[in-house]
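Accompanying notes for the structure given below.
The values are calculated or read from the model by the stated rules, or taken from the named source; none is laboratory data. Quantities reported herein were computed from a predicted structural model and do not represent experimental measurements. As a convention, Cβ positions derive from the backbone with ideal geometry for all residues, glycine included, and neighbour counts pool all protein chains shown. Please note that ligands, DNA and RNA were not included when accessible areas were found on the heavy atoms of the full protein model with its side chains. Shrake-Rupley method; radii C 1.70, N 1.55, O 1.52, S 1.80 Å.
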Amino acid sequence: MDELVTFLEDLGDAMEMEDFDVEYTQGVLTLSVGEAGTYVVNKQPPNQQIWISSPVSGPERFDFRKDHDAWVCRKTGGTLGRLLEQELRDILGMGNLSVPIK
């Protein structure tokens, strides 16, 4: 999660987007992306899950799958990294974005 926080902070600095804000407190990452809304990412260590609330796709849970070495959604089979990449590309208007979480 620390790598993701650093990545998002660096991304915000590089973009100089006024309403782009990253906060990480007590295991909860909050990412504000202007008028598009706010992401809340919460790691659940006892369950080996990450819960996300997305302004685009809504709430979702991701389980860590050792066989995929990734955080995978039981419902969709998609990964947390792919979800964040796709949604942030669309929101930020970036063609190439690779987040440091699978």
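Which residue out of V41, V56 is over 18 Å from G27 (Cα atoms) and not hydroxyl-bearing (S, T, Y)?
On the way: V41 fails: over 18 Å from G27 (Cα atoms).
Criteria check complete, one pass: V56.
In region 41-95, which residues are in contact with a Ser or Thr (Cβ under 9 Å, 6 or more places away or on another chain), among the charged types (D, E, K, R) and either open to solvent by less than 40 Å² (accessible area, probe 1.4 Å) or assigned to a helix (DSSP H, G or I) (or both)?
E85, E87
Looking only at region 9-32, count how many residues are hydrophobic (A, V, I, L, M, F, W, C), modelled with pLDDT of 95 or more and surrounded by 15 or more Cβ atoms within 10 Å (Cβ to Cβ).
Taking region 9-32 and keeping what is hydrophobic (A, V, I, L, M, F, W, C), we get 11, 14-15, 17, 20, 22, 28-29, 31.
Remaining after also requiring modelled with pLDDT of 95 or more: 22, 28-29, 31.
Restricting the remaining residues to those that are surrounded by 15 or more Cβ atoms within 10 Å (Cβ to Cβ) gives 22, 29, 31.
Qualifying residue count for the region: 3.
Under 6 Å between Cβ atoms, which residue pairs at least 6 apart in sequence (or on different chains) link something in region 75-95 that is under 22 Å from R61 (Cβ atoms) with a partner that is open to solvent by 70 Å² or more (accessible area, probe 1.4 Å) and among the basic types (K, R)?
Here the result reads T79/K102; G81/K102, each pair linking region 75-95 to a residue that is open to solvent by 70 Å² or more (accessible area, probe 1.4 Å) and among the basic types (K, R).
What are the pairs with Cβ atoms under 6 angstrom where one residue, in region 30-48, is at negative phi and the other, located anywhere, is loosely packed, with under 13 Cβ neighbours inside 10 Å and not in a strand (DSSP E or B)? Sequence gap at least six, or different chains.
Partner pairs satisfying both residue conditions: K43/G27.
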